[in-house]
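I have placed the structure first, in the form of structure tokens, so that the comments after it can refer back to it.
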Amino acid sequence: MSLPTQFRCGIDTGGTFTDLVALDETTGDLVVAKWPSSPHHPEEALIGVIRESQLPPEAFSSLILGTTVATNALLQREGARVLFVTTKGFRDVPFIQRINRRYHYSLEWTKPKPLAERIDCLEVDERINHKGEVLVALTDQELVRLSERIEERLNGTDRPNTAVAVCLLFSHLNPKHEQRIQEYLTGRFQDLPVSLSYRVAPIWREYERGSTVLADAFVKPTLQRYVGSVRKSFESMGISCPWSVMKSNGGRATAEVAENEPVGVVLSGLSGGIIGGRFFGELADHENLVTLDMGGTSCDVGVVRKGQIAYNTDYQIEWGLPVAAPFVDLTTIGAGGGSIAWIDKGGFLRVGPQSAGADPGPVCYDQGGKDVTVTDANLVLGRLNPNYFLAGKMRLNTDKAHQKLAELGATLGMTVEETAQAVIEMANENMANAIRVASIDRGLDARDFTLVAFGGAGPLHASGIVGRVGMKRIVVPLYPGLCSAFGSLIADFQVDKVWSKHFRSDRVDVDVVRKHFDELVSEAVREIHDEGFFGDPEMERTISMRYAGQNYEHDVRVEDGEITAGSLDEAFEEFHRLHERFYGYSIGYEVIELIRFNVKVVGRTDNPQLKAVATSGEPRPRETRQVYFKEQGFVACPVYRREDLRAGFTWEGPALVEEADSMILAHPGDRLSVDAHGVITMDV
């Protein structure tokens, strides 16, 4: 009797659609499905897309979910009421923030509003100093007084949607008082979630630590409800395989970890895209990549350098509201198929960041949308097939899109086609600028990189974007509209640990550094095993360093093996070299400060062996369509179906390649080719 086919599965919930990619680990076959997202009840879209895949419950060997639940809660300010508990005298830290300003000379700009109201900021009489020593002990009487003030604020409120965030002075050095507060409050209020700053952000910067624990508490009830609803949904469907949630650092977290520390999954829905983009870029023999994920609502740009994804620990909810946790390094802008075209007060055309979303969606969805979007412009220019959108599951209304674009064009004094082209060019310029920012800010030249374009709209716009930044080559993955779900499917396990401690290079205690690095490694290995990885993980140790007197630091890798005075000296030399590369100079005689000690432990997931595509046969266009290009006007353009293309197929544009989840546009002169796995490369 043959064993049942087993699939590992990745699911990504976007703002417009929820995508599923399942891999048959024996044959390399992929099963894909797409379902409209339901932002207010995301578990409904989850059920819908699994049923759409037609895979039986017993076929799943594992499930990895990428979700925007936490991201949306933060960005839309639809999270919990947070009671912020801090050391006496420091309740205003979330409001004072930093002295820097987003716009130096603007009299209108104001600091962002924290995730807690000032009336909900509570103080406790305790104090730990910069050495971790207790100056003022936290008494039982003070805990009782704190609980009484919390009880006052809970009366008459939505208790299930309330959480506590605790950030005490220097708790990253000595967490004893934060631990006592959690122990007391969970005994007194058993249903009240409590987040501790020393766990979610064990770093020395007070404001960043406080802002991070506020974000963790703000999304915790929302994510707990989401995880609970997913559990019930899987039980109702008879799915019993292990499942996890994508983490912001590109790893995966068990459901329990995601519930307890939700700040780690804030960018869950975005991290899968760059992982999938890297896989297909490397499959096409490119290791320096810019990934562009253009969906219905936003566009995410990431950089992969020599096969390595960049990370940072300074995600901004909005400018001035940081979340200090490990994230894949992405630049996100409001540019997607649903981005709305509008005219500003000066009479200039703008596109985004506002989006029509999934409901009501673009005008051509015929669901009540009134605003012209990028999708409407593409449809009017002949770049979309109104009868094959989502493989024919949704018919687009070309006449309504044409009518609305005519109205917008009349305001601008332009024809319908000129207006639609202007909308496309504005969207393309916004995305090209995001690529410039993502590359130049990192000291890189985008012209040396290959663009991996995915998302439902990315391949349609890619050729119009790369010319603006001087790039020459585009890679389009298999099922580009579902690349984030594919990235979730192949995601590695990853755990990041931090120890904050201040040393100077002229008097660093090597034994203490060695001891704490060993403890961090042991803790990280234990956690990665708890998350389901049982092999030998890879490890990377770094130290965050800066010259004495500087405000910000850079991470320097420490060589493998036991920490010694020699390995630290080599790390100091590497810091001088890194500083030289980054700023153009180094100060070899200056004292270096060691601020933070970091450990990253990675458990590799085997990359899938994709099935090769056929090599025989000559694909024929399904139709010829008139497509508008700025320089040529309407041009007869052959339209291929991607499933018809064979390995080795080449074509010089113009051409359209349509598939169920996306559309590829080759401009006149672009050269399109298909490799052995069906990945498409375009030379522009």
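The values are calculated or read from the model by the stated rules, or taken from the named source; none is laboratory data. This structure is a prediction, so every number in the text was calculated from the model and none was measured. Neighbour counts are summed over all protein chains in view; Cβ atoms, including those assigned to glycine, are modelled from backbone coordinates with ideal geometry. Ligands, DNA and RNA are excluded from the accessible area calculation, which covers all protein heavy atoms including side chains. Shrake-Rupley method; radii C 1.70, N 1.55, O 1.52, S 1.80 Å.
General observations
- Of all the listed residues (Leu665, Leu672), the sole one being open to solvent by less than 30 Å² (accessible area, probe 1.4 Å) and either touching a helix residue (DSSP H, G or I) at 6+ places or on another chain (Cβ under 7 Å) or more than 17 Å from Ala453 (Cα to Cα) (or both) is Leu665.
- The listed residues are Glu282, Glu287, Glu261, and the only one of them that is surrounded by fewer than 24 Cβ atoms within 10 Å (Cβ to Cβ), acidic (Asp, Glu) and touching a residue at least 40 places away in the same chain (Cβ under 8 Å) turns out to be Glu261.
- Residue in segment 592-604 that is in a strand (DSSP E or B), modelled with pLDDT of 90 or more, within 23 Å of Arg442 (Cα to Cα) and of a type in the set (Phe, Trp, Tyr) present: yes
- From the list Ala358, Ala377, Ala420, the lone residue that is in contact (Cβ under 8 Å) with a residue 24 or more places away in the chain, open to solvent by 20 Å² or more (accessible area, probe 1.4 Å) and not β-branched (Val, Ile, Thr) is Ala358.
- Conditions (1) surrounded by 13 or more Cβ atoms within 10 Å (Cβ to Cβ); (2) not assigned by TED's automatic domain parsing to the domain that holds Leu520; number of the one not met by His579: (2)
- All of (1) free of Cβ contacts under 8 Å to residues at least 12 places away in the same chain; (2) at negative phi hold for Gly156 with one exception: (2).
- Extreme residue, surrounded by the fewest Cβ atoms within 10 Å (Cβ to Cβ), among residues of segment 481-501 that are assigned to a helix (DSSP H, G or I) and touching a Gly at 6+ places or on another chain (Cβ under 7 Å): Gly481
- Among the candidates Arg77, Arg102, residue that is closer than 21 Å to Glu208 by Cβ, open to solvent by 20 Å² or more (accessible area, probe 1.4 Å) and in contact (Cβ under 8 Å) with a residue 40 or more places away in the chain: Arg102
- Number of positions in segment 526-539 that are open to solvent by 30 Å² or more (accessible area, probe 1.4 Å) and either in a helix (DSSP H, G or I) or under 8 Å from Val601 (Cβ atoms) (or both): 6
- Flag if Val194 is touching an Asp or Glu at 6+ places or on another chain (Cβ under 7 Å), of a type outside the set (Asp, Glu) and in contact (Cβ under 8 Å) with a residue 12 or more places away in the chain: no
- Pairs where the first residue, in segment 637-649, is within 18 Å of Leu384 (Cα to Cα) and the second is open to solvent by 20 Å² or more (accessible area, probe 1.4 Å) and of a type in the set (Ser, Thr, Tyr), C-beta under 6 Å, 6+ apart: Pro638/Thr624
- Flag for Val82 being over 30 Å from Pro362 (Cβ atoms), crowded, with 23+ Cβ neighbours inside 10 Å and in contact with a helix residue (DSSP H, G or I) (Cβ under 9 Å, 6 or more places away or on another chain): yes
- Any hit, segment 446-461, residues being of a type in the set (Gly, Ala, Ser), surrounded by 19 or more Cβ atoms within 10 Å (Cβ to Cβ), modelled with pLDDT of 95 or more and in a helix (DSSP H, G or I): no
- Scan of segment 464-508 for residues that are of a type in the set (Lys, Arg) and in contact with a strand residue (DSSP E or B) (Cβ under 7 Å, 6 or more places away or on another chain), ordered by number: Lys472, Arg473, Lys497, Lys501, Arg504
- Taking strands (runs of 3 or more DSSP E) as the structural unit, no element lying wholly within segment 606-674 holds at least 3 residues that are among the small types (Gly, Ala, Ser).
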